[in-house]
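> This structure is in structure tokens; I'll ask about it shortly.
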Amino acid sequence: MAVKAAGKRQNTRTAVKRRNVRTNKIRRFDQQRVKTMKLAAMMMIILLAFSGLSYRLYTITRDNNAEYQKRILSQQRYDSTTLPFKRGTITDRNGTILAVSEKVYNVILDCKVMLDDEKNQEPTVSALAECFGLSSSELNSYIQENPNSQYYVLKKRITYDEMSPFLERQSTYNAETAKYNAKAKKEEKRGVISGVWFEEEYIRRYPNNALACDVIGFTGTDNNGTYGLEEYYNDTLNGTNGREYGYLNEDATLERTTVAAVDGNSLVSTMDANIQAICEKYLKQFSDEHTNEAREGLGFENAGIIAMNPNNGEILAMASYPNFDLNNPKDLSAYYTQEQIDAMNEEDTYYDALNKLWRNFCISDTYEPGSTAKSLTLAAGLESGKIIGNESYECGGSLTVADHDISCNVKQGHGTLDVAGALEQSCNVAFMKMGEAIGVKNTVKFENIFNIGLKTNIDLAGEARTASLVYSEDTMGPAELATCSFGQGFNVTMIEMACAFSSIINGGYYYEPHMVSKITNSSGSVVKNIEPRVIKQTISNTTSEQMRNYLYLTVAEGTGKSARPAGYAIGGKTGTAEMVPRDHKNYVVSFIGFAPADDPQIVIYCVIDRPNVADQPHATYATGIVKSVLTEVLPYMHIATTEEMTIAEQEEMDHLLENMINAGKESAENAENGDGEAGNGGENSSNENGENGSDEGSENKNGENGSNENGENGSDEGDNANSAPRYTVDPNTGELIDTETGEPAQVQSSFENGNGDNTDNTGNSDNSGNSDTANSPTGSN
Amino acid sequence: MDYVLLAVVLFLAGFGLLMVYSASSYEAGIDFGDSAYYLKRQGFSTVLGFIAMFFVSKINYKVWQRFDVAALLVSVALIFLLLTPLGVTKNGATRWLDLKIGLTLQPAEVAKIGIIIYLASIIQRLEERGKNIIRTPKGVAIIMVPPTIVAGLIYIISDNLSSAIIVMGIAVAMLFVAVPDYKWFVLLGAAAVAGVILVVVIATSGDAEGGTFRMARIRAWLDPEAYSTDRAFQTIQALYAIGSGGIWGKGLGQSMQKRNFLPEAQNDMIFSIICEELGLFGAMTVILLFVVLIWSCMVIANKTSDRFGSLLVVGVMAHYAIQVILNIAVVTNSIPNTGITLPFISYGGSAILFLLSEIGIVLNISKKCK
């Protein structure tokens, strides 16, 4: 205060001195008036400033009102995010997954968000590098060059398991950093992992790779099915995408809403993946055996097998070869060399080759059926009454019809044949005479009845229409009638033949064939059951029984002998059709049959288009495959043997078994029949005198009952013997499991002896105790 | 007592609370899980401010003249305290003192009222010695050097240019009213305009990367669209808010800009939220209220025959006027962006406390005049 007082004094002194000096210079003024003036001036300035600002506010609003409103709305986040739906699953009749959509994630880096704080870069990049194996230097240089990039895909389609380590790391690291940062000074704060998000997507996976490829078809990420079930049931399998989006409500405020995705429906196929695998295995085996034999290329041009239940039209298997990996459908490398593929790319034939590979031979390709059609001719004759059954035919090796010499399959002729003999020997001359008796009108009528020339309407994409490939009453002359009677001159698809044949042997009921038995929604409840559908009665029950007998005899004593699996009675008809041009070079050989002979449970039709052999016209190529397939499939279907086996057959069976066992030992992917056959034989003999006679008193009924009894008695061994072979299928993935290692096995070649796996629902499952004895006959009940 | 002034202040403070809540509730809800977080704190400060106003209005304003030099010294001391560990750093600038009782204080706010008291007192004292002393260079120096030092300290220590400008503005305004001269102020104004032009020329001629932080701000001011993603982001978003409000606004609480686009909208940019929600109408009403407030102050200053009291009111009036004008000018991008709050309305505890205390002084003075 002393200082201040001194200062004041000094100030005062100075001021007084100055005043004296300057009084004349500076006019005296009225303080109050000056104040008022100055306040007014100040207020003026203030009001001027306010006016200016108000005007500015007014102009901003006037000039930009609409424009800025738009800008504000446009910078809000309404960007809608699509929530993808899950396409439905396709399973076989046992629940084996054939096609499934899996959620995968794309790793997206948002540089702008990450660089909110430059310190985030280091932890984020190192986490990305370590969790996803990315190069840190590349990441850093990308971020350096594109700091404003908001959508940079680092990695595509990783699984949840691949993604979760990053999420864990992010949450732990960020939590630790937050704890540390709470205490740290500003300069020492650390960055966090940020700016990385995961975009959801579904990809279609086919756990069994090539299995039933033509039937299933395939789907890209666009959820658009190509071929097979994927195409036919495309809309059923697809759901509706969900959406997360922002919108402005009536007060122009932004709301965000999520509409959940509706997942697609799932299909339960009538197909049995195991039967399918067996069929495919033997087709491939045949092809492999005959590759490059008579010409360059596979063992045949095309080949297919249809196995169906004649009593309800359900397709059990529909195999064709060559096949392709559904997970990689555009890969031709299995059938062509790289040079060939390059050449195809140049010539634009690449997709032709692919389409050829993708199309389903069993429903899309047409061919002349050959002698298998004789069963249809005979059934038509019997049903129309033109053939009674006691006729006899003279075959001299050829017949002249309308100036054409049409030769029989045996040049020197069959001599005198009755009706059964004509079918057994597949005598063309006899059938031409039958055709003549039936007449054009009835032939065309019955073709129509058997649905030849019409679509079967099977629920698969790409079924061929054959209406233009058959004769009508107007176009069918005597020569055409003659050739049609033994299956030449008109074209069919495999599925047409299989369905027509089924109706001949099942009592005359023509079922619409179908691949799907059930449609379920994403939560598993049934949306639709597809029931067997009888379209029409083709022939009477009596005729059908007669036909079964004739066909049984054809296999038992005639041309079909080589198709019979040991221990079973089956019926069927071979076919050897000469292709156009008729130069005795190219043939389609086939066999169509059913088993068991007296109570058909399965119809099997095998067609081989131009087998790669020097001498093609032998149906044995087809019958051999059918025999092998039935040998495995019939026991699998719990159809007991009815016939005694000769020593030769027994030996052959043992040999077959051994091969399978060895193959099974060599690699997990090869399957074995196990003790099935031998076990059946043993069991059958022991049960033959069982008390359970059925109406027909057939032996196989006894056998079946016997096995049931065993089952009830809790004797797993007996049942196991009966129901082997067994397949070990993981119900979740549908992949076959190596029971020794627990690792997924390669699926391509079917099955293995399922010791100890519980997932096979066709038979009793708890047979793990059998693993030691599985390789030896156990049918000791 | 001037009840018009009191009513306007009460209304502005109440309206301020409402707008603070409207502007901050969205962010507060996200950051603190309590949408009324800022409202509660500001409400507490406002109540404290009204209590202070009440007491100050009871104290004879002449008492303050005794503390003129003390006010100056306390202001300077508080600014220097920012250098001690008591200083609280937010957003890179140390502008607050931690009072260790859960409250923070902004020395710049103290300095403003300190300078007002000091200048009113020193001018009155000098005029007592001779009416023309303050017109001499020495007198001008005695009046202007302390505020210049205080402003310099505020700028250097707390990196707060806007408060420094306000302190200088108050000083110039008080001197302007005290002396009869115009010429010098016109020259000063012309020099200031010339300086501004010079700075703008320098800012625009230099290469884009060069120059200081403030130079960049000037460039952003001149061409906000070019810097709309970084420096001028806030300015552009404020303009969007103002422009989109139209005449009647989107309705109270309906601002879209306060959601993510105008961060901390309750602070400097609250006027743009007023424009967006209440439109041109609301903005003009607020401006009008401030005009009434300043007008009332002017009337009181004019009526008060006591030189010290009159100059105090002039200082307070200048303080309000400068701050309101600069704030609205920033929000409308009429001047480069610098952090200035809107009196009574923007969020800020120290500010509302001292603004209301100043009103208390003015109210007390208004009792004495007729």
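Read the figures in this text as sums done on the coordinates, not as results from a lab. Fair warning: this is a prediction, and the values are worked out from it, not measured in the lab. Quick reminder, even Gly has a Cβ in these numbers, built from the backbone with ideal geometry, and neighbours come from all protein chains shown.
> Would you kindly work out the equivalent ellipsoid of segment A:81-267 from its C-alpha gyration tensor and give its semi-axes, the square roots of five times the eigenvalues, largest first in whole Å? List each step's numbers first, then the result.
Working: eigenvalues 313, 94, 42 Å².
The answer is 40, 22, 15 Å, longest axis first.
> While we're on this one: Tally Lys/Arg at +1 and Asp/Glu at -1 over every other residue whose Cβ is under 10 Å from the Cβ of A:Ile458; what's the total? Walk me through the numbers before you get to the answer.
On the way: positive: A:Lys455; negative: A:Asp459, A:Glu463, A:Glu496, A:Glu512.
Surrounding charge for A:Ile458 is -3.
> For a footprinting-style exposure proxy, rank A:Asp342, A:Asp598, A:Asp609 by other Cβ within 10 Å, fewest first.
Values: A:Asp342 12, A:Asp598 17, A:Asp609 20.
Fewest-to-most ranking of A:Asp342, A:Asp598, A:Asp609: A:Asp342, A:Asp598, A:Asp609.
> For chain B, with a Gaussian network of springs between Cα atoms less than 10 Å apart, report the residue from B:Asn260, B:Asn333, B:Asn160 with the top mean-square fluctuation.
Looking only at B:Asn260, B:Asn333, B:Asn160, the largest GNM fluctuation is found for B:Asn260.
> Moving to a separate point now. Could you tell me how far the Cα centroid of segment B:1-67 sits from the Cα centroid of segment A:457-504, in Å?
What the calculation gives is 96 Å, centre to centre.
> Pairs A:Lys386/A:Lys445; A:Lys411/A:Lys573; B:Lys58/B:Lys131: which are spaced more than 23 Å apart, C-alpha to C-alpha? If you can, show how the numbers build up before the last one.
Working: A:Lys386/A:Lys445 13 Å; A:Lys411/A:Lys573 20 Å; B:Lys58/B:Lys131 31 Å.
The answer is B:Lys58/B:Lys131.
> A further question follows. Quick one: what are the phi-derived ³J(HN,Hα) couplings along segment A:565-579, Karplus 6.51/-1.76/1.60 with θ = phi - 60°, whole Hz, x for glycine and proline?
x, 4, x, 10, 9, 10, x, x, 9, 8, x, 9, 10, 7, 8
> Amide H neighbours of A:Lys518 under 5 Å, at least 5 residues apart or on other chains, H built in the peptide plane: list them.
A:Val268, A:Ile530
> Within 10 Å of each residue's Cβ, count the other Cβ atoms and sort B:Arg307, A:Arg564 from fewest upward.
On the way: B:Arg307 19, A:Arg564 25.
Final ranking by Cβ density, sparse to dense: B:Arg307, A:Arg564.
> How big is the charge dipole of segment B:46-113 about its Cα centre, in debye rounded to the nearest 20, if each Lys and Arg gets +1 on its Cβ and each Asp and Glu gets -1 on its Cβ? Walk me through the intermediate numbers first.
Working: 7 positive and 3 negative charges, 24 e Å.
For this selection, approximately 120 debye.
> Also, I was wondering about something else. Classify segment A:259-388 as rounded, prolate or oblate from the Cα gyration tensor: take a ≥ b ≥ c as the square roots of its eigenvalues, call it rounded if a/c is under 1.5, otherwise prolate when a/b beats b/c and oblate if not. If you can, show how the numbers build up before the last one.
Details: a/c = 2.22, a/b = 1.31, b/c = 1.70.
Because a/c hits 1.5 or more and a/b fails to exceed b/c, segment A:259-388 counts as oblate.
> Let me ask something additional. For chain B, modelled as a GNM with alpha-carbon contacts under 10 angstrom, which of B:Met317, B:Met19, B:Met298 fluctuates the most?
Residue with maximal mean-square fluctuation among B:Met317, B:Met19, B:Met298: B:Met298.
> At q = 0.13, 0.21 Å⁻¹, what base-10 log of I(q)/I(0) does the Debye formula yield for segment A:374-488 when every alpha carbon is treated as an equal point scatterer in vacuo?
Rounded to two decimals, the profile gives -0.50, -1.10.
> Can you tell which of B:Trp248, B:Trp221, B:Trp96 shows the greatest fluctuation in a Gaussian network model of chain B with Cα springs below 10 Å?
Top of the fluctuation ranking is B:Trp248.
> Please list, in order along segment A:608-624, the HN-Hα scalar couplings obtained from phi with the Karplus expression 6.51 cos²θ - 1.76 cosθ + 1.60 (θ = phi - 60°), rounded to whole Hz, x for Gly and Pro.
Once θ is set to phi - 60°, the couplings for segment A:608-624 become 10, 8, 6, x, 7, 9, 5, 10, 6, x, 9, 5, 4, 4, 6, 4, x Hz.
> Leaving out same-chain residues fewer than 8 places away, which lysines sit with a Cα under 23 Å from that of A:Lys86?
A:Lys103, A:Lys155, A:Lys156, A:Lys518, A:Lys528
> Please report the Cα spread of segment A:492-550 along all three principal axes, rounded to whole Å, starting with the longest.
Principal-axis extents of the Cα atoms in segment A:492-550, largest first: 49, 24, 18 Å.
> Going Cα to Cα from B:Lys40, which lysines come in below 22 Å? Please leave out same-chain ones fewer than 8 positions away.
Of all the lysines, those that pass the test against B:Lys40 - Cα under 22 Å, at least 8 places apart if same chain - are B:Lys90, B:Lys100, B:Lys258.
> Magnitude of the Cβ-charge dipole of segment A:365-636, K/R +1 and D/E -1, about the Cα centre, nearest 20 debye?
Numbers: 20 positive and 28 negative charges, 99 e Å.
The dipole magnitude comes to about 480 debye.
> What is the ratio of the Cα radius of gyration of chain B to 2.2 N^0.38 Å, with N the residue count, to two decimals?
Values: Rg = 20.6 Å, N = 370, 2.2 N^0.38 = 20.8 Å.
Output field value: 0.99.
> Please arrange A:Ser194, A:Ser320, A:Ser51 by how many other C-beta atoms lie within 10 Å of their C-beta, fewest to most. Don't jump to the answer; show the numbers that get you there.
Values: A:Ser194 18, A:Ser320 27, A:Ser51 12.
Placing the least packed residue first, the sequence is A:Ser51, A:Ser194, A:Ser320.
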